[in-house]
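The values are calculated or read from the model by the stated rules, or taken from the named source; none is laboratory data. For clarity, every value in this text was computed on a predicted model and none was experimentally measured. Heads up, the Cβs are rebuilt from the backbone with ideal geometry, glycines too, and the neighbour counts pull from every protein chain shown.
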Amino acid sequence: MISALLTELKFEADNTRKLFDAITNDVLEYQPNDFNWTIAQLASHIAELYIWWPMTLEKDILEISDYKYDKGDISDIQNIKEKLEENIAKAIASLENYPEEKLNEPWAMHQNGVEVLPPAPRTQVIRSWLFNHMYHHRGELVAHLRANRKRVPGLYGPTYEDQMEMQK
(Lines give C-alpha, C1' and ligand atoms only; values in the text may rest on other atoms or scores of the structure.)
Protein backbone atom coordinates (compact mmCIF):
# COMPACT_ATOMS: atom_id res chain seq x y z
CA MET A 1 0.00 0.00 0.00
CA ILE A 2 2.83 2.43 0.84
CA SER A 3 4.36 1.87 -2.58
CA ALA A 4 1.04 2.60 -4.32
CA LEU A 5 0.46 5.74 -2.26
CA LEU A 6 3.98 6.94 -2.92
CA THR A 7 3.57 6.36 -6.66
CA GLU A 8 0.32 8.34 -6.67
CA LEU A 9 1.79 11.11 -4.53
CA LYS A 10 4.73 11.54 -6.92
CA PHE A 11 2.50 11.38 -10.01
CA GLU A 12 0.14 13.98 -8.58
CA ALA A 13 3.03 16.19 -7.48
CA ASP A 14 4.15 16.24 -11.12
CA ASN A 15 0.61 17.17 -12.18
CA THR A 16 0.58 20.00 -9.66
CA ARG A 17 3.92 21.23 -11.01
CA LYS A 18 2.53 21.19 -14.56
CA LEU A 19 -0.50 23.17 -13.44
CA PHE A 20 1.64 25.72 -11.57
CA ASP A 21 3.70 26.18 -14.75
CA ALA A 22 0.54 27.60 -16.37
CA ILE A 23 0.36 30.38 -13.75
CA THR A 24 1.93 33.71 -14.58
CA ASN A 25 2.35 36.66 -12.25
CA ASP A 26 -0.14 38.77 -14.20
CA VAL A 27 -3.07 36.57 -13.08
CA LEU A 28 -2.14 35.97 -9.43
CA GLU A 29 -4.64 38.52 -8.15
CA TYR A 30 -7.53 37.21 -10.27
CA GLN A 31 -10.53 36.45 -8.07
CA PRO A 32 -13.79 35.44 -9.80
CA ASN A 33 -15.94 36.84 -7.00
CA ASP A 34 -15.68 38.07 -3.44
CA PHE A 35 -15.93 34.65 -1.82
CA ASN A 36 -13.38 32.70 -3.89
CA TRP A 37 -9.65 32.89 -3.33
CA THR A 38 -7.32 34.66 -5.72
CA ILE A 39 -5.17 32.46 -7.93
CA ALA A 40 -2.22 33.25 -5.64
CA GLN A 41 -4.15 32.21 -2.53
CA LEU A 42 -5.43 29.06 -4.21
CA ALA A 43 -1.99 28.04 -5.49
CA SER A 44 -0.50 28.73 -2.07
CA HIS A 45 -3.13 26.52 -0.44
CA ILE A 46 -2.49 23.71 -2.92
CA ALA A 47 1.24 23.95 -2.11
CA GLU A 48 0.34 23.88 1.57
CA LEU A 49 -1.65 20.65 1.24
CA TYR A 50 1.57 18.70 0.75
CA ILE A 51 2.81 19.74 4.20
CA TRP A 52 -0.26 18.04 5.68
CA TRP A 53 1.20 14.60 4.85
CA PRO A 54 3.68 14.59 7.76
CA MET A 55 1.01 15.86 10.16
CA THR A 56 -1.36 13.12 9.07
CA LEU A 57 1.22 10.38 9.34
CA GLU A 58 3.05 11.50 12.48
CA LYS A 59 0.14 12.46 14.74
CA ASP A 60 -2.90 10.47 15.83
CA ILE A 61 -4.83 13.65 16.59
CA LEU A 62 -4.10 16.90 14.84
CA GLU A 63 -4.99 19.90 16.96
CA ILE A 64 -5.63 22.31 14.10
CA SER A 65 -5.74 25.35 16.38
CA ASP A 66 -1.99 24.78 16.97
CA TYR A 67 -1.27 24.61 13.24
CA LYS A 68 0.72 27.46 11.70
CA TYR A 69 1.80 27.68 8.08
CA ASP A 70 4.18 30.27 6.69
CA LYS A 71 3.07 30.68 3.08
CA GLY A 72 5.76 33.27 2.43
CA ASP A 73 5.45 35.92 -0.27
CA ILE A 74 2.72 34.81 -2.67
CA SER A 75 3.01 37.86 -4.93
CA ASP A 76 5.32 35.94 -7.28
CA ILE A 77 4.61 32.47 -8.70
CA GLN A 78 8.27 31.50 -8.28
CA ASN A 79 7.93 31.87 -4.51
CA ILE A 80 4.85 29.65 -4.51
CA LYS A 81 6.65 27.07 -6.66
CA GLU A 82 9.59 27.03 -4.25
CA LYS A 83 7.24 26.44 -1.31
CA LEU A 84 5.54 23.68 -3.33
CA GLU A 85 8.87 21.92 -3.87
CA GLU A 86 9.77 22.16 -0.17
CA ASN A 87 6.42 20.71 0.82
CA ILE A 88 6.44 17.94 -1.79
CA ALA A 89 9.85 16.82 -0.50
CA LYS A 90 8.50 16.70 3.06
CA ALA A 91 5.40 14.78 1.97
CA ILE A 92 7.44 12.16 0.11
CA ALA A 93 9.93 11.81 2.98
CA SER A 94 7.11 11.31 5.49
CA LEU A 95 5.64 8.45 3.46
CA GLU A 96 8.77 6.70 2.19
CA ASN A 97 9.60 4.82 5.39
CA TYR A 98 6.18 4.86 6.99
CA PRO A 99 5.18 1.55 8.63
CA GLU A 100 2.49 -0.08 6.52
CA GLU A 101 0.64 -1.40 9.58
CA LYS A 102 0.00 2.15 10.81
CA LEU A 103 -2.08 3.01 7.74
CA ASN A 104 -5.16 1.46 9.31
CA GLU A 105 -4.73 3.20 12.65
CA PRO A 106 -7.20 6.01 13.41
CA TRP A 107 -6.48 9.67 12.86
CA ALA A 108 -8.64 12.62 13.89
CA MET A 109 -8.64 16.40 13.82
CA HIS A 110 -9.61 18.60 16.74
CA GLN A 111 -10.00 22.34 17.00
CA ASN A 112 -9.57 23.74 20.49
CA GLY A 113 -10.13 20.24 21.83
CA VAL A 114 -13.37 19.71 19.90
CA GLU A 115 -13.47 16.94 17.32
CA VAL A 116 -13.98 18.37 13.81
CA LEU A 117 -12.96 15.29 11.82
CA PRO A 118 -13.86 12.06 13.59
CA PRO A 119 -11.38 9.21 13.85
CA ALA A 120 -10.87 7.38 10.58
CA PRO A 121 -8.19 5.02 9.26
CA ARG A 122 -5.25 6.93 7.85
CA THR A 123 -5.86 5.37 4.43
CA GLN A 124 -9.26 7.06 4.35
CA VAL A 125 -7.80 10.35 5.56
CA ILE A 126 -5.07 10.16 2.90
CA ARG A 127 -7.67 9.58 0.21
CA SER A 128 -10.12 12.26 1.31
CA TRP A 129 -8.20 14.95 3.19
CA LEU A 130 -4.93 14.76 1.27
CA PHE A 131 -5.63 13.57 -2.28
CA ASN A 132 -9.28 14.44 -2.96
CA HIS A 133 -8.97 17.80 -1.24
CA MET A 134 -6.05 18.63 -3.53
CA TYR A 135 -7.92 17.49 -6.65
CA HIS A 136 -10.83 19.73 -5.69
CA HIS A 137 -8.64 22.82 -5.37
CA ARG A 138 -6.67 22.04 -8.53
CA GLY A 139 -10.01 21.92 -10.37
CA GLU A 140 -10.80 25.37 -9.04
CA LEU A 141 -7.38 26.56 -10.19
CA VAL A 142 -7.98 25.17 -13.69
CA ALA A 143 -11.27 27.12 -13.88
CA HIS A 144 -9.56 30.32 -12.68
CA LEU A 145 -6.77 29.91 -15.24
CA ARG A 146 -9.19 29.19 -18.08
CA ALA A 147 -11.17 32.31 -17.15
CA ASN A 148 -7.91 34.18 -17.77
CA ARG A 149 -7.34 32.45 -21.11
CA LYS A 150 -4.34 30.55 -19.82
CA ARG A 151 -3.68 27.24 -21.46
CA VAL A 152 -3.82 24.51 -18.86
CA PRO A 153 -1.99 21.21 -19.16
CA GLY A 154 -3.69 17.89 -19.58
CA LEU A 155 -3.33 16.18 -16.24
CA TYR A 156 -5.08 12.91 -17.11
CA GLY A 157 -4.97 13.04 -20.88
CA PRO A 158 -5.16 15.66 -23.59
CA THR A 159 -7.03 18.91 -23.05
CA TYR A 160 -9.58 20.24 -25.51
CA GLU A 161 -6.87 22.40 -27.08
CA ASP A 162 -4.55 19.39 -27.37
CA GLN A 163 -7.28 17.40 -29.10
CA MET A 164 -7.98 20.22 -31.56
CA GLU A 165 -4.29 20.43 -32.44
CA MET A 166 -4.10 16.66 -32.94
CA GLN A 167 -6.98 16.85 -35.42
CA LYS A 168 -5.16 19.37 -37.64
What is the residue count in the range 99-126 for residues that are of a type in the set (S, T, N, Q) and in a strand (DSSP E or B)?
1
Among the residues of the range 62-83, which ones are touching a residue at least 24 places away in the same chain (Cβ under 8 Å), out of contact with any strand residue (DSSP E or B) (no Cβ under 8 Å at 6 or more places or on another chain) and either closer than 13 Å to Trp52 by Cβ or exposed (fewer than 13 other Cβ atoms within 10 Å of the Cβ) (or both)?
Ser75
Mind telling me which of the residues Glu48, Glu29, Glu12 ends up being touching a helix residue (DSSP H, G or I) at 6+ places or on another chain (Cβ under 9 Å), among the acidic types (Asp, Glu) and over 19 Å from Asn87 (Cα atoms)?
Glu29
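So that you can scan it fast, the table gives a plain yes or no per residue for (1) β-branched (Val, Ile, Thr); (2) within 15 Å of Asp60 (Cα to Cα):
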position	(1), (2)
Ala108	no, yes
Arg127	no, no
Asn132	no, no
Val142	yes, no
Ala147	no, no
Leu155	no, no
Glu161	no, no
Could you please find all residues in the range 51-75 being closer than 17 Å to Asn87 by Cα, outside any helix (DSSP H, G or I) and among the hydroxyl-bearing types (Ser, Thr, Tyr)?
Tyr67, Tyr69
Could you pull out the residue among Leu42, Leu57 that is surrounded by 15 or more Cβ atoms within 10 Å (Cβ to Cβ), more than 30 Å from Glu101 (Cβ to Cβ), modelled with pLDDT of 95 or more and not polar (S, T, N, Q)?
Leu42
Which one of these is farther than 19 Å from Gln41 by Cβ, out of contact with any Phe, Trp or Tyr (no Cβ under 7 Å at 6 or more places or on another chain) and without any contact (Cβ under 8 Å) to a residue 40 or more places away in the chain: Pro99, Pro106?
Pro99
Output the number of residues of the range 9-48 satisfying the condition of being free of Cβ contacts under 8 Å to residues at least 60 places away in the same chain and assigned to a helix (DSSP H, G or I).
9
